[in-house]
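Since every read-out is calculated from the coordinates, none of them should be taken as a lab result. Computed from a predicted structure; not experimentally measured. FYI the Cβ positions are ideal-geometry reconstructions off the backbone, even for glycines, and counts take in every protein chain you see.
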Amino acid sequence: MPAFLRALLLLLTSHVRQWPLRTLLTIVGVALGVSASVAVRSANVDVLRSFEQAVMTVAGPTTLEVSGGETGLDEQVITRVRTIAGVTSASPVILQTVVRMRGEQADQAVQVVGLDLLAEFNTRGFLLSQPATESRLMNMIQPEAVFVGAKLAAEWNLSVDDQVDLVIGPKRCICRVAGILQNESDRTSSWERMAVMDIAAAQITFGMVGKVDRIDIVTDEKTAVEDVAQDLRTVLPPHLTVERPANRTRQVEQMVRAFRLNLTVLSWVGLLVGMFLIYNTMAFAVAQRRREIGIYRAVGMTQSRVAILFLMEAGLFGFLGGIAGSVAGVILAQELVALLSRTISDLYAPVGVSEGGLFWAGQFWRIMLEGILIGCVVSMIGAVGPSLDASRTATVRALAPGDYEASQQLRVGMLAVMGLSLLAVAGLLSLPGPIGEVPVLGYAATLCLLAGLACLAPICVTGWPRRRQYMGLEGGVQGVMRGIAVEHASRSPGRNGVTVSALMVGLAIMIGVLVMVRSFRHTVEVWVTDTVLADLVVAPSMWLRGTEIGSAGRSLPPAWLNILSSIPEVAAVDSYRDVRVEVNGQRVAVVSRDLRLHAQWSRYLVRNGDSSEQLRRAADIRGLLVSEVLADRLGVEEGSTLEIMTPSGPERFPIVAVFYDYSTDGGKLLMDRALYQSLWHDDLVTVFPVYLSPGSSIDRVRERITEQLSGAAGGGLPPLVISNTELRKEILEIFDRTFLLTYVLEAIAVVIAMLGIVNTLVTSVLERRREFATLRAIGGSAEQIRQLVLWEAAYLGVIGIALGLIGGGLLSLLLIKVINKQSFGWTIQMIVPIGALIQAVVLAVIATLVAGYFPARWAARQPVIDGLREE
Amino acid sequence: MVTALRDVNLEIKPGEFCAFVGPSGCGKSTLLNLVAGLDLPTSGEIVLDGRSTYNLTSYEWTKIRRETIGIVFQAFHLVHGLTAEENIALPLMLRGENGQETAKRVEDMLDRVGMSHRRRHRPAELSGGEQQRIAIARALAHGPRLLLADEPTGNIDSHQGAGIMSLIRELAISGGQTVLLVTHSLQAAQAADYVWTMRDGHLVSRTERMTELVTP
């Protein structure tokens, strides 16, 4: 090792040994920041990776897929596909979900793939034993025969010929395990957690006779895949999509891009606050060792090496914090994956749940390396300022007696001007639109806002208490203690400004996100209250599990309309159908219902005009109502027309109204059910909203509905009959689940900010041991010393909280009006949740005092005599 | 373990001015710290005003310092952020005293140490001698019966040192305070009524006449 490095290492380790507590606090802070970032990134990657892996595993050798969206496609299409030059094979596929039942409790949802097992025997990456007899062969293709992945079989304790209780589409049935899917190779495969059925059996079981979800095509190696795709597009009905399997992953990625990006950015907040912590630690280290730096310079160390010494020290903190943070992040990610998968499945598309894939194939080490790198980079960036300051130390002054730091004047005024300028820049950056659908300038505005307020922190710390006199103050000894504390805090605007900034950033994010989430929740509540007016909703039994249960599990027979309408207390029944189709390359929800009936009984929150009138008009002129998000994305408005590829060919629709909708950020189209049926040839219903006659008992009607429909279900599952109140509660629960992670991430940022306060106070206490000892010697009690430190904590806390409140308010505006609007397209009505804000402030005050308590206690316990000896 | 003091038995009467001299490490500062309750003896007993200090709690010692003892340090130990007058008022305020009474007392102390014109200055703006004058005023502001001075002239030049010693003597006599002075300086020790010489933790000799120390 070069002599210089050895010398650096020696100095570095001695410093770490000298200040173990500060070192520990700093490393913990970095570790927390890294853990949040690593966890979110890993979970994000893992969720989509597991989805992609499942897609590619099922696809096997498939090079092209023909799909008809959620409504499926006619199996006859396959004949036409096979006639295209370059198509080697074309196989029908059904891709649905079953839910395993444990007694009467619904358990895990599992993907089931329907394949032509006879034609595709052992070609998809899993192995089945060859049926020895014809009867075994027949067993394989029976409707209730299901092949189960090896891991699933082990978890569910199943072997061949065992029975398993499954909810398949609208029905519940006892299936027979016809075989266990074995892996083709030693490597882990997504098949291990899936089930397979024969295509014919799947068609019967899922109620899709004559239909398939898609056709998988293997093309000739000599023909370009794109050429085959082009030929297929020419021959096949225009509403069918022809794409490579990987496109599906890209589509889902595209759908969740804004969601993931916002989550990722939020996870960086911890790192940002951690950077303040590092700055603080290193600034203290430089001040503490100013004389030592003078000695280094006097004995021949160059300026750059002094800077490197401090950068290396910060790098070491980052390295250690990175290791700890990565390990914690991986553990946290395991928890996040389930939450994230659930949220993405709730809001976007079924992605399934990964199972600890982070440890696969060197993933763990990649994450560790990333975490360490993030820790080092963040720490070293945070240490740049103090390191440069150290390198510029004036040797003679550093070695001379007296306080070097006292002669260092922080230009608080200039910083304040810079802060105000940054705030103005933040305002300007919030005006333009997104870049490539990403609110890049909105994020930049957020950074400018926080940086601007951080620049204002030193002047706030130093400004008001200057030259204040304590003599004759009201409040006696308390007033004096307060005065000394404030005076001391204001003497170090640089270091304390950084602490205040860390607290400000943590709190501003907390308040900004809190206001945004509460406003969003309020908006959703208003939307739900105004638009969900049906007294009861009759839905498929697993409907509340969202997209996770597959399309077959989310449909009801249309004949139930008559049954429901015949119940005396029922005043009206609507048939609501919700399917996902592609419009202009984007996956959107097409909702169809009886618009006239809806106009009479309920409403949509339309942007302009009257809901009932618009709904009736749409029904009359075969028009559409478009959600705000989709209208913005497609650049259409009331009065425009929109062309959609339907199974009956391209259709142009007039847009009658634009409505607010918060159920999906993918966009929604609303049309009359009759129009939908005539174009999509789909008469299934997703749910039946039921309106009751005045004075009817909801519980009694619910019982009657359950009773009557259970009989009509013909062996199927009884439907879910959910009341209006329950449905609203469920919607808000999904909402709260979606933002759960947000709260966790902001809590991490606040904890790091608190570590910053502890760090600063520990520093302050260490520096002032002599002062405290003097106070004790002239009659000050241990309690008074404790109060002094707590007052200092409170002073910094008050400034941090005040700035945090201002920052939080401005940040919430940016989040609601700029970032969210540009990311998701939703209009959110801003509210000021006074109660929640008070809670946040009280929490910050308590956290500040708790952070101050330990250094205060330590200060009060120090032996007086040692403090008086301190130089 | 190093024994700092051994077989130290002495009685100091009210109003006496006693100095302790001796080489570095002889235990004189330790003795002062023990009397102030800043350090605790492993054995032995200190009796203040006829009251044993054996087994006193930290808070009881704080109260004794607050009421009875004033301390002057070699390094002045003024609170940097406070002005001269605020530093003087500090022990009074720590006792919960404030307002006009305190202001008057501070005014008086500033006059007595000749620092009225520097009342609004902070320690960094004062010379060593001026800082020590403020420290003396602070030590006497609450009217202690015992003044402990640990090398009060150690950080200032001899000229200022002489001024400080005569100030301590003058104030102590006028206030009727008992003074315990620890010093290296034989010149400073001349201010005392008698001087104990210490070596290796022992009291070696007591000299009544200051001049005897100055002339070997």
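So the values come out like this:
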read-out: Centroid-to-centroid separation of segment B:1-42 and segment A:415-464 [C-alpha atoms, Å]; value: 62 Å
read-out: Long-range HN-HN contacts of A:Val87 with modeled amide H, under 5 Å; value: A:Asp220
read-out: Per-selection metrics, chain B (Cα): Rg and Dmax in Å; value: 17.0, 52
read-out: Computed magnitude of the charge dipole of chain A (debye, nearest 20; Cβ of K, R +1, Cβ of D, E -1); value: 3840 debye
read-out: Rg ratio (alpha-carbon, reference 2.2 N^0.38 Å) - the protein assembly as shown; value: 1.28
read-out: ³J(HN,Hα) computed for each position of segment A:59-66 - Karplus, 6.51 cos²θ - 1.76 cosθ + 1.60, integer Hz, glycine/proline x; value: 5, x, x, 4, 9, 9, 10, 10
read-out: For A:Leu128, distant residues with modelled amide H under 5 Å away; value: A:Asn122
read-out: Charge sum, other residues only, whose C-beta stays under 14 Å from A:Ala534's C-beta, Lys/Arg counted +1 and Asp/Glu -1; value: -3
read-out: Peptides ranked, highest mean first, by Cβ atoms within 10 Å: ranges B:111-117, A:214-220; value: A:214-220, B:111-117
read-out: Chain B: angle of helix B:100-112 to the longest principal axis, Cα-based, in degrees nearest 10; value: 60 degrees
read-out: Dimensions (Å) - segment A:727-842, Cα atoms, principal axes, largest first; value: 67, 27, 22
read-out: Among A:Gly382, A:Gly371, B:Leu34 the positive-end extreme of the charge dipole of the protein assembly as shown (Cβ point charges); value: B:Leu34
read-out: Eligible lysines near A:Lys668 by straight Cα distance, threshold 19 Å, same-chain separation 8 or greater; value: A:Lys821
read-out: Fraction of the pair-distance distribution of segment A:534-725 above 22 Å, Cα-Cα pairs, percent; value: 48 percent
read-out: For segment A:367-376, 3J(HN,Hα) per residue [Karplus equation, 6.51 cos²θ - 1.76 cosθ + 1.60, θ = phi - 60°, Hz, x = Gly/Pro]; value: 5, 4, 4, 4, x, 5, 4, 4, x, 5
read-out: Degrees between helix A:493-531 axis and first principal axis of chain A (Cα, 0 to 90, nearest 10); value: 20 degrees
read-out: Shielding score for B:75-85, defined as the mean number of other chain Cβ atoms within 10 Å; value: 6
read-out: Rounded to 5, percent antiparallel among DSSP beta bridges of segment A:534-725; value: 75 percent
read-out: Calculated log₁₀ intensity ratio I(q)/I(0) where the Debye formula runs over C-alpha points of segment A:64-244, q = 0.13, 0.17 Å⁻¹; value: -0.69, -1.08
read-out: Residue among A:Val77, A:Gly114, A:Phe126 farthest towards the positive dipole end of segment A:64-127, charges placed on Cβ; value: A:Phe126
read-out: Three-way shape call for segment B:1-64 based on the alpha-carbon gyration tensor, with the a/c threshold at 1.5; value: oblate
read-out: Rounded Å value of the spacing that divides the Cα centres of segment A:306-328 and segment A:74-100; value: 55 Å
read-out: Residues A:Asp530 and A:Asp227, FRET efficiency given R0 of 56 Å [Cβ-Cβ distance, rounded to 0.05]; value: 0.60
read-out: Dipole of segment A:1-75, positive end: most advanced residue of A:Thr13, A:Ala39, A:Leu64 [Cβ charges, Cα centre]; value: A:Thr13
read-out: Degrees separating the helix B:158-175 axis from the principal Cα axis of chain B, which is the longest one; value: 90 degrees
read-out: For segment A:608-618, 3J(HN,Hα) per residue [Karplus equation, 6.51 cos²θ - 1.76 cosθ + 1.60, θ = phi - 60°, Hz, x = Gly/Pro]; value: 10, x, 9, 4, 4, 4, 5, 5, 5, 5, 4
read-out: Counted charge near A:Pro833, where neighbours are those whose Cβ lies closer than 14 Å (Asp, Glu -1; Lys, Arg +1); value: +1
